[in-house]
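The values are calculated or read from the model by the stated rules, or taken from the named source; none is laboratory data. Everything numeric in this text was worked out from a predicted model, so none of it was measured. Using ideal geometry, Cβ is built from the backbone for each residue, glycine included, and neighbour counts are taken over all protein chains shown.
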Amino acid sequence: MLNEHVDVRGDHAKLARETGAKSTVLLKSVNKTLPLTGKEKLTATFGEDAGPNINGPNSCKFRTCDSGTLAVGWGSGAPEFTNLITPDTAIQNKFVKYGGAYESILTNWAPAEQIDILARRADVSLVFVNSNSGEGQVFENNYGDRNNLTLWKNGEELVKRVASSCPNTAVVVHSTGAVILEDIKQNPNVTALLWAGLPGDLLRFRNIIC
């Protein structure tokens, strides 16, 4: 194929990161939970949406899957990722730099006891959840548009479980569109709620989460 590996991106990464950060919407903030300093005694991250697609970021045709962190929707216009930095990696790197302890559970289906143990120990718990859509492909009976406005993959139950054990829980939502979040926002143990849209392959939480 002619010019298959030509890099046509230009020097746009900095602008993309800045624009993505500015487009993140803070829906709730109490107790100054965010941004993290990296020096917290223990911060815990929960949820598949914080981690990688174990088969590789470009393994799903037209990105038609919901495995790992949600960076783009699916369809014919979905790009190939060049450097998909997961939230788990970026946050962990900050704690390595500043000396705080950090642990993560990168599944929405961990045993309840395992979630409870880590959430109780944590000074701050971060829960990453998502809801996806696209065009031209079908995923779990969603024909492009979503069938509803709920979080995918047990997301709301994961938030409830973590928040029941950690009174300082921050929730980050990656979504292609509107999601029903009233119950999460009203949970007194959820001290921060972020709608981060689709961040692309560059993590765009600088000065927001960490």
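Numerical summary
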{"read-out": "Which numbered condition THR176 fails, given (1) surrounded by fewer than 16 Cβ atoms within 10 Å (Cβ to Cβ); (2) under 19 Å from the mean Cα position of the chain (by Cα); (3) of a type in the set (Ser, Thr, Tyr)", "value": "(1)"}
{"read-out": "Residue check for SER131: hydroxyl-bearing (Ser, Thr, Tyr), touching a helix residue (DSSP H, G or I) at 6+ places or on another chain (Cβ under 6 Å), surrounded by 20 or more Cβ atoms within 10 Å (Cβ to Cβ) and closer than 22 Å to ARG161 by Cα", "value": "no"}
{"read-out": "Any hit, the stretch 50-61, residues being more than 13 Å from the chain's Cα centre (by Cα), of a type outside the set (Gly, Ala, Ser) and more than 25 Å from ARG146 (Cβ to Cβ)", "value": "no"}
{"read-out": "The stretch 21-46, subset farther than 15 Å from TRP195 by Cα and among the charged types (D, E, K, R), residue surrounded by the fewest Cβ atoms within 10 Å (Cβ to Cβ)", "value": "LYS32"}
{"read-out": "From LYS28, LYS39, residue being assigned to a strand (DSSP E or B) and in contact (Cβ under 8 Å) with a residue 40 or more places away in the chain", "value": "LYS28"}
{"read-out": "Residues being more than 16 Å from PRO52 (Cβ to Cβ), in contact (Cβ under 8 Å) with a residue 12 or more places away in the chain and either in contact with a helix residue (DSSP H, G or I) (Cβ under 9 Å, 6 or more places away or on another chain) or aliphatic (A, V, I, L, M) (or both) - total across the stretch 88-109", "value": "5"}
{"read-out": "Subset tally (residues that are surrounded by fewer than 15 Cβ atoms within 10 Å (Cβ to Cβ), of a type in the set (Ser, Thr, Tyr) and part of a helix (DSSP H, G or I)) for the stretch 82-108", "value": "1"}
{"read-out": "Subset of the stretch 99-139 (residues that are within 30 Å of VAL72 (Cβ to Cβ) and more than 20 Å from the chain's Cα centre (by Cα))", "value": "GLU135, GLY136, GLN137, VAL138"}
{"read-out": "From the options THR64, THR33, THR82, THR45, residue that is among the hydroxyl-bearing types (Ser, Thr, Tyr) and within 16 Å of the chain's Cα centre (by Cα)", "value": "THR45"}
{"read-out": "Checking SER125 against (1) surrounded by 16 or more Cβ atoms within 10 Å (Cβ to Cβ); (2) at pLDDT below 90, the condition it does not meet", "value": "(2)"}
{"read-out": "Unmet criterion (only one of (1) in contact with a strand residue (DSSP E or B) (Cβ under 8 Å, 6 or more places away or on another chain); (2) touching a residue at least 60 places away in the same chain (Cβ under 8 Å)) for ILE85", "value": "(1)"}
{"read-out": "Qualifying residue in the stretch 47-68 (condition: hydrophobic (A, V, I, L, M, F, W, C), over 14 Å from LEU198 (Cα atoms) and assigned to a helix (DSSP H, G or I))", "value": "yes"}
{"read-out": "Elements of type helices (runs of 4 or more DSSP H) contained in the stretch 109-201, each with 2 or more residues being more than 23 Å from SER29 (Cα to Cα)", "value": "112-121"}
{"read-out": "Close pairs from the stretch 48-71: first crowded, with 18+ Cβ neighbours inside 10 Å, partner of a type in the set (Val, Ile, Thr) and in a helix (DSSP H, G or I), Cβ under 6 Å, at least 6 apart", "value": "none"}
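Residue by residue, here is whether (1) more than 30 Å from PRO188 (Cα to Cα); (2) in contact with an Asp or Glu (Cβ under 7 Å, 6 or more places away or on another chain) holds:
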| residue | (1), (2) |
| --- | --- |
| LEU26 | no, no |
| THR33 | no, no |
| GLY75 | yes, yes |
| ALA78 | yes, no |
